C-alpha cells in the first residue's frame, strides 16, 4: 500500500500546507496541538476539502483539486477512530461493531468479527449500551468498529488523548497487538512522544501547519525541534528478565542493559524505551550512592549547544545513542569533549507509559 | 344512565374525527420531517420565508386558513381545479378536505418539535457513520432518524391532538356535513345550537376528554420506550 497526500488549506489565519507518503505500517503524525495534525487527517478521511491538494492510495486518486476529483468519505473506505469514540448511543456494542460491516463491499473479506473482539478484549461488552461503558472501553469498541468496516487504511486521531494514564496503559498494549497482528496500515495522530515512540514505524513531525521532519522514531524524536520537554532517545531492546518482587524489568540493549519499572511486558519480547534527555545526567566517574538504577558507560559522540545556555550531549553506548541535556557551564566544568568516556546517569526510563 | 348511550350519529362523528386526525397526522409526517430537516440543516435563500409560511397556521385565525384553503383547494381554486381535473381528487366538502385542514393546522407544531430534535443531534455521530461507509441517505435512516424519534413522536402526538380539536379552519373549508365532514368538535358545536342539545354535547365532551387523555398517555408511554432505547450518553 502506498499513500500519498499533499494538501494546502487556509483555515482563518492558520495555513496548513503539508504532505507525506506512507508505505504501510504505522505512520505517526506528531507535533504540538495546533500544528495541523488533525486537519491533515480529516482531509485524508474526506471530512473536509482542501483548497489545493492531492490524495492517492496505490493507483487510485481520491482527491485532486486540479481535476476536480473528490471521493466522498463514505466511498473512501478509510476507518477513522475519533478522540471521543463517537459510538452510536442508540445501538448496542455489537450493533456498533457491525455498523461498518453492513457497508463494506461484499467482495472484501471483512476482518473476522471474533478475532477483532478477542484482540481488543471487548467480548464481555457486546450486549451493553455505549452509555454504560468506561472511556477506555468505548475507545476499544470504536477501534473495533473502524477495523470491522474493512478499511484500506486506519486513521486514528489522538485516540488516547481523552483518557487518563491508567486507561492509556490499558489500551496501548491492544494498539501494539493491532500493529503487529493486522495488515491494515495506520496513520496515528498524537502529540505524545511516548505513544509515538512506542507505536510508530515512521514519524512525520508537524509544526505550524508544515511538515518539519520525517524519519524513524529515534531519528525524529531526538531532533532539537522535537517538543523540548519530551525530546530524548528512543532505544529498542529485548526483555531479559522480570523481577516480580521489585516490579522491575531488565531490558538488554546493544551493549548495556537497563532496568525499567515493570510495564506489563513479557520476557523475550521486543520493546522500545524512551529516555527523555532532560532526565539524563553526565558524570566523568562512575557515581556511587545514587538512587538511579541505570548508569550507562559510553563516549561522547557529539556536543550540540542550543544557544540558550543548554547543551545536548550525545553519548554512544554500543550501537545505542543516549541524549543528555545539561548546561554549558557543566560542559566547561567537566571538560567534556568529543570521544571522552563518560557515564550517563538516567533518572527515569519511561518504558512508554 | 341512559343519557350516556351514544347515538349512531354521534358514533359517526367520533369515528370520522379519529379517521381525519389519523390521516392528517400520517400524511403530513413525511412532509413534516422533510421541512424540519430543511429548516434545521439547510442553507438556502428564502429559508426564513419558508419558516414563516410553515408557522402561518399558528398565528393566523383558523377561519382565515380555512378561507385560504377554500380559495386554493376549492373546486374552482387554483390547486383544487387541477386536482379535480387531472387526478379526480375533490377536497372541498369531503372528509379528505377536513384532513387537509387539520393537517395544515397541526403542521407548524409537528415541524417545530422535529426541528428541535434534529438540531439536538450530535453531527459528529453522522460524520462517524460516514467514515464507516454509510452514504447520506443511510446516515439519515440509521443514525439521524433513530436519534430524533422522541421528537418525531412528540410532533405526531401534537399534530394529532391539534387535529382532534380543530374547528375553525375545517368548518370554513368543508362545512359541517353529518357523516362526511362533521367532526367531534363540529358535532358538539351543532348540539349547542339546538334546544335540548346540552346532553348530547356533554356526552361528546366526555368522549373528547377520554380520547385526548388516551393520546397523552400513549405518547408518554412511547416516549418512555424510545427514551430507554435511545440512551444518550
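Mind ordering A:10-19, B:159-168 by average Cβ neighbours within 10 Å, highest first?
With the highest mean Cβ count within 10 Å placed first, the list reads B:159-168, A:10-19.
Tell me, how many Å apart are the Cα centres for region A:1-29 and for region B:1-71?
So the two Cα centres are separated by 53 Å.
For the peptides A:132-144, B:51-63, what is the packing order when you average, over each peptide's residues, the other Cβ atoms within 10 Å and list the highest mean first?
Details: A:132-144: 21.7, B:51-63: 15.1.
Those peptides, ordered most packed to least, come out A:132-144, B:51-63.
Which one of A:167, A:54, A:68 has the biggest mean-square fluctuation once chain A is modelled by GNM with Cα springs under 10 Å?
Maximum among the listed residues: A:68.
Taking every pair of alpha-carbon atoms in region A:76-217, give the share separated by more than 27 Å as a whole percent.
19 percent
For region B:154-233, place one equal point scatterer on every Cα, skip the solvent, and apply the Debye formula. What is log10 of I(q)/I(0) at q = 0.12, 0.25, 0.26 Å⁻¹?
-0.47, -1.18, -1.21
What angle do you read, to the nearest 10 degrees and between 0 and 90, between the alpha-carbon axis of helix B:145-165 and the longest principal axis of chain B?
Here the helix axis deviates by roughly 10 degrees.
What is the P(r) of the protein assembly as shown, as percent of Cα-Cα pairs per 20 Å bin from 0?
Pairs per bin, as whole percents: 17, 35, 25, 15, 8, 1.
Rg/Rh for region A:164-236: what does it come to with C-alpha atoms and Rh from Kirkwood? Can you show the working numbers first?
On the way: Rg = 12.7 Å, Rh = 13.2 Å.
Checking Rg against Rh, the ratio lands at 0.97.
Let me make sure I get this right: for region A:27-117, a, b and c are the square roots of the gyration tensor eigenvalues over alpha carbons, sorted descending. Under 1.5 in a/c it's rounded, otherwise prolate if a/b > b/c, else oblate. Which is it?
It is oblate, given that a/c is not under 1.5 and a/b is not larger than b/c.
What whole number of Å gives the distance from the Cα centroid of region A:67-104 to the Cα centroid of region B:169-207?
Between the Cα centre of region B:169-207 and that of region A:67-104, the gap is 55 Å.
Quick one: compute the contact order of region B:60-171, relative version, from alpha carbon pairs under 8 angstrom and 6+ residues apart, as a percent.
Value for region B:60-171: 36 percent.
What number do you get for region A:64-108 when its Cα radius of gyration is normalised by 2.2 N^0.38 Å, N = residues?
1.51
Please order B:112, A:316 by the number of other Cβ within 10 Å, starting at the fewest.
A:316, B:112
Placing one identical point scatterer on every Cα of region B:29-68 and ignoring solvent, what is log10 I(q)/I(0) from the Debye formula at q = 0.14, 0.15, 0.34 Å⁻¹?
-0.38, -0.43, -1.07
Taking the inverse of the average 1/r across all pairs of different Cα atoms in region B:52-106, what Kirkwood radius in Å do you get?
In region B:52-106 this quantity evaluates to 11.4 Å.
Looking at region A:37-82, what % of the alpha carbon pairs are farther apart than 16 Å?
The calculated P(r) of region A:37-82 puts 30 percent of pairs beyond 16 Å.
State the Cα centre-to-centre distance between region A:292-353 and region A:118-185 in whole Å.
38 Å
222 nm [θ] for the protein assembly as shown, helices only, -39500 (n - 2.57) per DSSP H run of 4+, per residue, to 500?
Value at 222 nm, helices only, nearest 500: -13500 deg cm²/dmol.
Of the listed peptides A:286-299, A:318-331, what is their order by residue-averaged count of other C-beta atoms within 10 Å, with the highest listed first?
Top to bottom by mean Cβ count within 10 Å: A:318-331, A:286-299.
Provide Rg and Dmax in Å for region A:1-152, with only Cα atoms included in the calculation.
Just the Cα atoms of region A:1-152 yield Rg and Dmax of 16.9, 49 Å.
Once every Cα of chain B carries one equal point scatterer and solvent is ignored, give the base-10 log of I(q)/I(0) from the Debye formula at q = 0.17 Å⁻¹, two decimals.
-1.21
Peptide A:139-151: average number of partner chain Cβ atoms within 10 Å per residue? All intermediate terms of the calculation are to be shown ahead of the outcome.
Details: counts 0, 0, 0, 1, 0, 0, 3, 3, 0, 1, 4, 1, 3.
Taking the mean over all residues of the peptide, I get 1.
If you wrap a convex hull around the Cα atoms of region B:8-142, how much volume per residue is inside, in Å³?
Taking the convex hull of the Cα positions in region B:8-142, it is 159 Å³ per residue.
Between 0 and 90 degrees, rounded to the nearest ten: what's the tilt of helix A:165-181 against the longest Cα principal axis of chain A?
70 degrees
What average count of beta carbons from other chains do you get within 10 Å of the Cβ of residues in A:73-80?
5
Per-residue Cβ counts within 10 Å, from other chains only, averaged over A:85-98: what number is that?
That works out to 4 on average.
Using only Cα atoms, tell me the angle between helix A:93-103 and the longest principal axis of chain A; keep it within 0 to 90° and round to the nearest 10.
70 degrees
Quick one, what does Rg over Rh come out to for region A:160-285 if you take C-alpha atoms and the Kirkwood Rh?
Reported Rg/Rh, Kirkwood definition of Rh: 0.97.
Any read-out appearing in this document is the output of simple, stated calculations on the displayed coordinates, not a laboratory observation. No experiment lies behind these values; they were computed from the predicted model shown. When we count neighbours, we look across all protein chains shown, and the Cβ atoms used for this are built from the backbone with ideal geometry, even at glycine.
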